[in-house]
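The values are calculated or read from the model by the stated rules, or taken from the named source; none is laboratory data. Bear in mind that the values here come from a model prediction, so they are computed numbers and not experimental data. A quick note on method: Cβ atoms are made from the backbone with ideal geometry, for glycine too, and the neighbour counts reach across all protein chains shown. We work out accessible area using only protein heavy atoms, side chains counted, and drop any ligands, DNA or RNA first. Shrake-Rupley method; radii C 1.70, N 1.55, O 1.52, S 1.80 Å.
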Amino acid sequence: MKALDNLRYAAGSATGHLLRTGLLMLAMSIGVAAVVILTALGDGARRYVIEEFSAIGTNLVIVLPGRSETGGLNPANLITSTPRDLTVDDANSLLRVPGVKRIAPLIIGTTEVNAGGKLREAMMIGTNEDFMHVRQMKLSLGRFLTRDNIGHGSAEVVLGALIREELFGTANPLGKTVRVGDRRLRVVGVLSQGGRGMGMTTDELLIIPVATAQAMLDSNTLFRILVEARSREQIEEVKSGVLKQITQRHDGEEDVTVITQDAVLETFDKILNVLTLGVAGIAAISLAVAGILVMNVMLVSVTQRTAEIGLLKALGATADSVRQLFITEAVLLSVTGGMLGTALGYAGAALLRQIYPAFPAYPPVWAVLAGLGTAIVSGLVFGVMPARRAAELDPITALSKR
Amino acid sequence: MQDDAASLISLHGLERTFYLGDSKVQALRNVDLHISPSEYIAVMGPSGSGKSTLLNMIGLLDRPDAGTYLLEGRDVTTLKPDEQAKVRSERIGFIFQSFHLIPRLTAAANIELPLVLAGVPAAERARRVKQALQEYGLTDRAHHLPNQLSGGQRQRVAIARATILRPAVLLADEPTGNLDRATGEEVVRLLEALNAQGMTLIVVTHDQALGARARRQLRMEDGRIVSDASDVGDVSAAATGSSG
Ligand SMILES: Nc1ncnc2c1ncn2[C@@H]1O[C@H](COP(=O)(O)OP(=O)(O)OP(=O)(O)O)[C@@H](O)[C@H]1O
Ligand SMILES: [Mg+2]
């Protein structure tokens, strides 16, 4: 029997038994599509979180006041348990640590902002000119804070996009004065809309010089120091250097915690990988169910067609040609079903992205391959196995089976 | 045995036993039979006497438990399955009471099937199928599915399919069993015409009148051939098959 005839017969058999073929396609496509969509969800969640964190800035080392529990026992801690303030001088000293590119001190508070009779609450960040680069922010108008060499703090403010809109509408706010708390500050710039990071939007922020903020909040201690390393490779070096420097300045007391963004990302990545695996587990179950469906449809259909096998043998077909016919048909059905399922899955994931544009629901390649593989293998195994057995029967035994 | 050399088919001590749970049915008991080329044989006998089993043996659809079967002087019972398939393809045509057409294939495609399985090139196949359709008056039914055909037409498709590779032996198991008398006659005349062209024809039938048309009649009872009668003297030399 020629290969082309083999293919034509198998294709005819697949299209000639519409109910069986339809059931098989249904089982396979649901199984594969479930895998594709579910893993797209899981992996999408993982990507979403990573993207959120990456938006904070790159190569970041973060210093926070207070010792973390994992710091080990330090005799100094036994003597004095109140952590020293994390000061602007501490922050500036970090510029001398090898590998450090920029630093941005950070102090945070809520305040009222008021212009032209309009009043609202806002989050205020006190920082320096480098904050914009460290956090990779963009401006839509004007400039960012300028270098404050004396450390007195100038009366300047950069507005978040939403604050600007609420206070000034479409009018140009540059050079105008706003009242922040008990101070009058001059607007020097406006942030671009849609800045994100750590789930917080920058649209409702006020950014002012750190010295100004410290005076307003009447506080010396910083909330954070953001340190940017020169490269990814230098992050660890910078981390230990920063810790050493601050400990030295704090009379040998290790009263700060230094974390890297990498560590945070890694932890989340681990958690989310587990999530993806969990989702993949669900997907695997749906695939197993699909596999069982495929198995049953195949088993029933081959049993129904034992008579056909008998007839083919009576007409002179060898066991080999019979096997080949059934293998070809199983391949055709499995591959088509698998493809259909993959297409359906991708369409479903695309629909998800359409509905939630912020959510990167892309199915991972391994999941697609695993789904396709399982569907095709189960289709092949359960299509071919019984057909092989039927092909071994004496023609009359096969022929008289109904 | 000089018999074997001259015979198309020689059966010696053929046995076939079926087991159904505890019960044992001897469908063929020590069957000896010699058939010459171009004979026309009717096999008759009561239901369950082993007629179909005998025909299936000759058609290599079933294998005996004991005995030998020589086809054209060659022992075919010991052949490997693939070699048997080749013999079925080239030397034997089988016609069933229930036609056994593949429902999703058209009349033409059903007739073409043995050629496809034998690996005959497409152009050659088309030519032979067209000719067969003409010979059996099925040209205008070529693209009809079996369920769009009458019983007689279906059996004609089946006969065309069985003979498309010009087999030496044509085996028909109650070919008119599902047909009315007139259509049955028509089918039998087709078979007889093929026999007249030299094809050995063996027909299993319950119909006395049909059986009487054959030149040689075998009667089976309980797995044995109990009578073997020839109407015409000139084939009696070959008709020495003993009753068991
Ligand atoms: N596959 C089988 N399994 C068990 N017993 C069988 C099988 N095939 C045939 N038999 C038995 O063997 C005996 C002969 O059967 P066979 O079909 O040859 O009879 P037959 O002469 O063709 O009968 P009918 O005229 O009814 O077709 C019967 O008793 C039948 O029940
Ligand atoms: Mg019978």
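Could you list, in sequence order, the residues of segment B:74-85 that are in a loop (DSSP other than H, G, I, E, B) and out of contact with any Leu (no Cβ under 9 Å at 6 or more places or on another chain)?
B:THR78, B:LYS80, listed by residue number.
Looking only at segment B:122-145, decide whether some residue is within 13 Å of chain A (Cβ to nearest Cβ), in a helix (DSSP H, G or I) and either among the basic types (Lys, Arg) or closer than 16 Å to B:MET199 by Cα (or both).
Checking segment B:122-145: at least one residue is within 13 Å of chain A (Cβ to nearest Cβ), in a helix (DSSP H, G or I) and either among the basic types (Lys, Arg) or closer than 16 Å to B:MET199 by Cα (or both).
List, please: which pairs have Cβ atoms under 6 Å, are six or more places apart or on different chains, and start with a residue in segment A:176-196 that is on the phi < 0 side of the Ramachandran plot and end with one that is surrounded by fewer than 18 Cβ atoms within 10 Å (Cβ to Cβ) and among the basic types (Lys, Arg)?
Taking only residues 6 or more apart or on different chains, the pairs are A:THR177/A:ARG184; A:THR177/A:ARG186; A:VAL187/A:LYS176; A:VAL188/A:ARG143; A:GLY189/A:ARG143; A:SER192/A:LYS138.
Could you tell me whether segment A:165-177 includes any residue that is modelled with pLDDT under 90 and in contact with an Asp or Glu (Cβ under 7 Å, 6 or more places away or on another chain)?
No, the conditions are met nowhere in segment A:165-177.
Taking the condition within 16 Å of ligand 1 (Cβ to nearest atom), within 14 Å of chain A (Cβ to nearest Cβ) and outside any loop (DSSP other than H, G, I, E, B), does B:LEU218 pass?
no
For B:ARG181, indicate whether it is among the basic types (Lys, Arg) and touching a residue at least 24 places away in the same chain (Cβ under 8 Å).
Considered against the rule, which asks whether it is among the basic types (Lys, Arg) and touching a residue at least 24 places away in the same chain (Cβ under 8 Å), B:ARG181 comes out as no.
Any chance segment B:73-93 includes a residue that's touching a helix residue (DSSP H, G or I) at 6+ places or on another chain (Cβ under 9 Å), more than 14 Å from chain A (Cβ to nearest Cβ) and open to solvent by 60 Å² or more (accessible area, probe 1.4 Å)?
Yes: segment B:73-93 contains one or more residues that are touching a helix residue (DSSP H, G or I) at 6+ places or on another chain (Cβ under 9 Å), more than 14 Å from chain A (Cβ to nearest Cβ) and open to solvent by 60 Å² or more (accessible area, probe 1.4 Å).
Pairs only if they're at least six apart or on different chains, beta carbon under 8 angstrom, first in segment A:47-63 and closer than 22 Å to A:ALA361 by Cα, second open to solvent by less than 10 Å² (accessible area, probe 1.4 Å) and modelled with pLDDT under 80; list them, first residue then second.
These pairs meet every condition: A:GLU52/A:GLY197; A:PHE53/A:GLY197; A:ALA55/A:GLY197; A:ILE56/A:GLY197.
Report, by residue number, each residue of segment A:141-155 that is surrounded by 12 or more Cβ atoms within 10 Å (Cβ to Cβ) and on the phi < 0 side of the Ramachandran plot.
The answer is A:LEU141, A:ARG143, A:PHE144, A:LEU145, A:THR146, A:ASP148, A:SER154, A:ALA155.
So which of B:GLY50, B:GLY67 ends up being within 20 Å of B:ARG224 (Cβ to Cβ), within 13 Å of ligand 2 (Cβ to nearest atom), of a type outside the set (D, E, K, R) and buried (at least 16 other Cβ atoms within 10 Å of the Cβ)?
Going through B:GLY50, B:GLY67 in turn, the sole match is B:GLY50.
How about segment B:102-112: which of its residues are at the interface with chain A (Cβ under 9 Å from one of its Cβ atoms) and either of a type in the set (A, V, I, L, M, F, W, C) or within 21 Å of A:THR318 (Cβ to Cβ) (or both)?
B:ILE102, B:LEU105, B:ALA109
Given the structure, is B:VAL203 away from ligand 2 (no atom under 16 Å from the Cβ) and under 15 Å from the mean Cα position of the chain (by Cα)?
no
Criterion first (modelled with pLDDT of 90 or more and closer than 26 Å to A:GLU112 by Cβ) does A:ARG186 satisfy it? So that I can check it myself, show each step before the final result.
Values: modelled with pLDDT of 90 or more: yes; closer than 26 Å to A:GLU112 by Cβ: yes.
Judged against the criteria, A:ARG186 is a match.
Out of B:ALA209, B:ALA196, which single residue is modelled with pLDDT of 95 or more and open to solvent by 10 Å² or more (accessible area, probe 1.4 Å)?
Among B:ALA209, B:ALA196, only B:ALA196 is modelled with pLDDT of 95 or more and open to solvent by 10 Å² or more (accessible area, probe 1.4 Å).
Here's a check for you: in segment B:27-48, which residue that is on the phi > 0 side of the Ramachandran plot and not in a strand (DSSP E or B) is farthest from ligand 1 (Cβ to nearest atom)?
Step by step, filter segment B:27-48, then rank; the result is B:SER38.
On the given criteria, is A:ILE282 open to solvent by 50 Å² or more (accessible area, probe 1.4 Å) and in contact with a helix residue (DSSP H, G or I) (Cβ under 7 Å, 6 or more places away or on another chain)?
Spelling it out, A:ILE282 is indeed open to solvent by 50 Å² or more (accessible area, probe 1.4 Å) and in contact with a helix residue (DSSP H, G or I) (Cβ under 7 Å, 6 or more places away or on another chain).
Go through (1) touching a strand residue (DSSP E or B) at 6+ places or on another chain (Cβ under 6 Å); (2) at pLDDT below 90; (3) open to solvent by less than 50 Å² (accessible area, probe 1.4 Å) one by one and return the number of the condition A:GLY126 breaks.
Every condition holds for A:GLY126 apart from (2).
Has segment A:367-388 got at least one residue that is open to solvent by 10 Å² or more (accessible area, probe 1.4 Å), within 14 Å of another protein chain (Cβ to nearest Cβ) and farther than 22 Å from A:GLY31 by Cβ?
So far as segment A:367-388 goes, yes, one or more of its residues are open to solvent by 10 Å² or more (accessible area, probe 1.4 Å), within 14 Å of another protein chain (Cβ to nearest Cβ) and farther than 22 Å from A:GLY31 by Cβ.
Could we say that A:ALA361 is farther than 18 Å from A:GLY42 by Cβ and of a type outside the set (Phe, Trp, Tyr) here?
No.
Considering each residue of segment B:6-47, count those that are more than 14 Å from chain A (Cβ to nearest Cβ) and within 16 Å of ligand 2 (Cβ to nearest atom), and give that number.
10
Results for (1) in contact with a Cys (Cβ under 8 Å, 6 or more places away or on another chain); (2) under 29 Å from A:THR318 (Cα atoms); (3) within 12 Å of ligand 1 (Cβ to nearest atom), shown as yes or no for each residue.
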{"residue": "B:THR17", "(1), (2), (3)": "no, yes, yes"}
{"residue": "B:LEU20", "(1), (2), (3)": "no, yes, yes"}
{"residue": "B:VAL25", "(1), (2), (3)": "no, no, yes"}
{"residue": "B:GLY50", "(1), (2), (3)": "no, yes, yes"}
{"residue": "B:THR53", "(1), (2), (3)": "no, yes, yes"}
{"residue": "B:GLY59", "(1), (2), (3)": "no, yes, no"}
{"residue": "B:LEU79", "(1), (2), (3)": "no, yes, no"}
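For segment B:169-192, does any single residue satisfy the condition of being within 14 Å of another protein chain (Cβ to nearest Cβ) and more than 16 Å from ligand 1 (Cβ to nearest atom)?
Scanning segment B:169-192 turns up at least one residue that is within 14 Å of another protein chain (Cβ to nearest Cβ) and more than 16 Å from ligand 1 (Cβ to nearest atom).
Applying the selection to segment A:36-51, what residues are open to solvent by 10 Å² or more (accessible area, probe 1.4 Å) and either closer than 30 Å to B:ILE102 by Cβ or hydrophobic (A, V, I, L, M, F, W, C) (or both)?
Correct list: A:ILE37, A:LEU38, A:LEU41, A:ALA45, A:VAL49, A:ILE50.
Within segment A:386-402, how many residues turn out to be part of a helix (DSSP H, G or I), closer than 12 Å to A:ALA314 by Cα and either within 51 Å of the chain's Cα centre (by Cα) or within 16 Å of ligand 2 (Cβ to nearest atom) (or both)?
4
List pairs: first residue in segment A:279-305 and farther than 30 Å from A:ALA361 by Cα, second residue in a helix (DSSP H, G or I) and of a type in the set (S, T, N, Q) anywhere in the structure, Cβ distance under 8 angstrom, at least six positions apart or on different chains.
These pairs meet every condition: A:MET295/A:SER378.
Looking only at segment B:161-175, decide whether some residue is modelled with pLDDT of 95 or more, over 21 Å from B:PRO114 (Cα atoms), open to solvent by less than 10 Å² (accessible area, probe 1.4 Å) and not in a loop (DSSP other than H, G, I, E, B).
Checked segment B:161-175: no residue is modelled with pLDDT of 95 or more, over 21 Å from B:PRO114 (Cα atoms), open to solvent by less than 10 Å² (accessible area, probe 1.4 Å) and not in a loop (DSSP other than H, G, I, E, B).
Answer with yes or no whether A:TYR346 is open to solvent by 90 Å² or more (accessible area, probe 1.4 Å), more than 14 Å from chain B (Cβ to nearest Cβ) and in a helix (DSSP H, G or I).
Criteria met by A:TYR346.
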